[in-house]
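Worksheet: one structure, shown below.
The values are calculated or read from the model by the stated rules, or taken from the named source; none is laboratory data. Just so it is clear, the structure is predicted and the values come from calculations on it, not from any experiment. When we count neighbours, we look across all protein chains shown, and the Cβ atoms used for this are built from the backbone with ideal geometry, even at glycine. The protein model used for the area step is the full one, side chains on, heavy atoms only, and it has no ligands, DNA or RNA in it. Shrake-Rupley method; radii C 1.70, N 1.55, O 1.52, S 1.80 Å.
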Amino acid sequence: MSTHSSTVLDPNWFIRPTCVVAADLIGKILCRRVTDTDGQEKVLRMRITETEGYIGLQDTACHTHAGSRTARTEVMYAEGGVFYVYLTYGIHHMLNLVTSVAESPESVLIRAGFLTEDSDRLLNEMDKPPREQLTHHSQFAGPGKLTKRLSVSRDLSGLPIAPETGLWVEDDGCQPPVSLRPRIGIDYAGEAKDWLLRYIWTAHPSLSKP
DNA sequence: GCGGGGATCCTCT
DNA sequence: GAGGATCCCCGCT
């Protein structure tokens with residue numbers, strides 16, 4: 001049980017420079033409304049430990065590089081405060097939060113986090129296979145695993161980051177130490193692959209990589 | 001219409 | 001550390 005009070009981040013909170021949002025999101029709580037086995041609505045709460053910024057036209061690792069604008073990437077051109085979800089490697093859904101002003105197609109990828117204690121117990125109870133029930137689920141290291149466990153998929157793309165959509169972010173005042181790293185999995189991106197746009201909760205065990 | 005590649009993860013060695 | 005899973009997306013014809 002948390003004794004801290006949390007406030008919901010308004011979609012307008014994301015209409016700021018992408019690097020600032022990506023750094024500020026470390027320690028915030030990603031909240032997902034789910035239905036448990038009894039048909040009861042519950043909320044899973046995952047504290048964010050790792051993000052990456054993708055900064056639009058000049059960023060060769062970004063889907064909107066050089067102004068590329070397709071049906072998939074259209075939502076990135078919206079005003080900050082909506083989701084951008086896409087499929088990669090044919091398997092994994094990637095959860096992004098669109099940032100900055102309209103026509104500035106940038107976003108923050110959520111890469112890792114860990115469940116609050118209450119949510120960890122809830123997810124264990126919801127898992128059907130007995131073998132899974134013994135597994136400790138609290139660490140969500142990697143963007144594909146994270147979306148799978150939180151049931152995030154493409155149908156959320158373009159919807160607002162708000163409780164009405166069932167996925168939102170809360171702030172309870174947590175301010176962990178943050179370090180910068182190069183982004184993961186973008187070796188093809190020329191000099192942009194070395195940009196320090198990956199933000200991590202310093203030395204946290206839930207990170208996808210140190 | 002088609003072909004190649006990808007902001008990953010898991011398994012096997 | 002290497003490789004396969006698996007399929008949407010995009011660029012080209």
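Tabulated data
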| quantity | calculated |
| --- | --- |
| Using alpha-carbon coordinates, inclination of helix A:117-126 to the longest axis of chain A, degrees | 80 |
| Segment A:186-210 and segment A:16-38: distance between their alpha carbon centers, rounded to Å | 18 |
| Farthest toward positive dipole pole in chain A [+1 Lys/Arg, -1 Asp/Glu at C-beta], among A:G185, A:S5, A:I26 | A:G185 |
| Net charge contributed by nearby residues that have their C-beta within less than 10 Å of A:R198 (K/R +1, D/E -1) | +2 |
| Global form of segment A:4-54, assessed from the alpha-carbon gyration tensor, a/c cut-off 1.5 | prolate |
| Anisotropy class of segment A:7-201 from Cα gyration tensor, a/c 1.5 cut | prolate |
| Rounded percent of accessible protein surface that carbon and sulfur make up, chain A, 1.4 Å probe | 53 |
| Average accessible area per residue (Å²) across chain A - probe 1.4 Å, nucleic acids and ligands excluded | 49 |
| Segment A:6-123: C-alpha gyration tensor shape, a/c 1.5 cut-off, then a/b vs b/c | prolate |
